[in-house]
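Sharing a structure here in structure tokens format.
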Amino acid sequence: MVKPGQIVEIPSSSPIFEDDHSTFSSKLDELNVNLQKKNYGLFDGFLVGEHQGTHHFKLGQRKGINVGGKKAPLYVIGINEETNQLFVGQGEDHPGLWIRVISFNKNQIDHLNSIEEGNPVNLKSEAVEEDFTGKFYHHNETVIVELEKPMPISVYNHPIEIITDIQTISSINLI
């Protein structure tokens, strides 16, 4: 039997979305700060409803949330299966719907040694019509792509092709 869970709306003005304007000692430190996923909690927003299981939802989803009376549609910006909570944000420009940096294991990349730090790459995903560009970095077992402009979180759990100017180097899944 599925236990009903909480739907928590996180306002776009929440301090959790404030940019860290720290001075970083290296590019890697800056990328690692921007990589950190938001860990939303009940006290970051306010309770707006209940759901019948987090497995019914995906990041970026708009339909099926079943909470009305808002000025703009609600979108799923976070899912916590452990606490059975669904986190939503109002409007398609909500900061929780966008990511600036992605990472994955270097074993997912073909021809890793042929790509230099800071080289531009293109990213394509079936989840979005638009292609994105970014800069490629790698450190130990991790590959990081810093995006030129934010990418929607709906790309999670969808394949992303990473392409250099001469070849497709990988198709990865973000999780």
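Under a straight-distance cross-link criterion of Cα-Cα below 25 Å, which lysines are reachable from K135, leaving out those fewer than 8 residues away in the same chain?
K27, K37, K38, K106, K124, K149
Also: Okay, helix-only estimate at 222 nm for the chain: each DSSP H run of n ≥ 4 adds -39500 (n - 2.57), divide by all residues, round to 500 deg cm²/dmol; what do you get?
Result for the chain: -1500 deg cm²/dmol, rounded to the nearest 500.
Further question: What is the distance in Å between the Cα centres of region 36-106 and region 124-163?
Here the two parts' Cα centres lie 20 Å apart.
Moving on. Give a quick list of chymotrypsin sites (Phe, Trp or Tyr not before Pro) in region 1-85 that DSSP marks as loop, anything other than H, G, I, E or B, with at most 13 other Cβ atoms within 10 Å.
Answer in residue order: F24.
How large, in percent, is the carbon and sulfur part of the accessible surface of the chain at a probe radius of 1.4 Å?
Heavy-atom surface of the chain belonging to carbon and sulfur, 1.4 Å probe: 46 percent.
Please compute the per residue accessible area over region 119-162 with all protein chains in place, 1.4 Å probe, rounded to a whole number of Å².
Averaged over the residues of region 119-162, the accessible area is 51 Å².
Which entry is the computed Cα extents along the principal axes in Å for this structure: (i) 62, 29, 20; (ii) 61, 34, 27; (iii) 51, 35, 29?
(iii)
Starting from region 62-166, pick out the GluC sites (Glu not before Pro) whose DSSP state is loop and whose Cβ has at most 15 other Cβ atoms within 10 Å.
E81, E82, E92, E116, E117, E126, E129, E130, E141
The values are calculated or read from the model by the stated rules, or taken from the named source; none is laboratory data. Note that the coordinates shown come from a computational prediction; the quantities given were computed from them, not determined experimentally. So basically every Cβ, Gly included, is an ideal-geometry build from the backbone, and we count neighbours across all protein chains shown. For the accessible areas, the whole protein counts, side chains as well, though only heavy atoms, and no ligand, DNA or RNA atoms are used. Shrake-Rupley method; radii C 1.70, N 1.55, O 1.52, S 1.80 Å.
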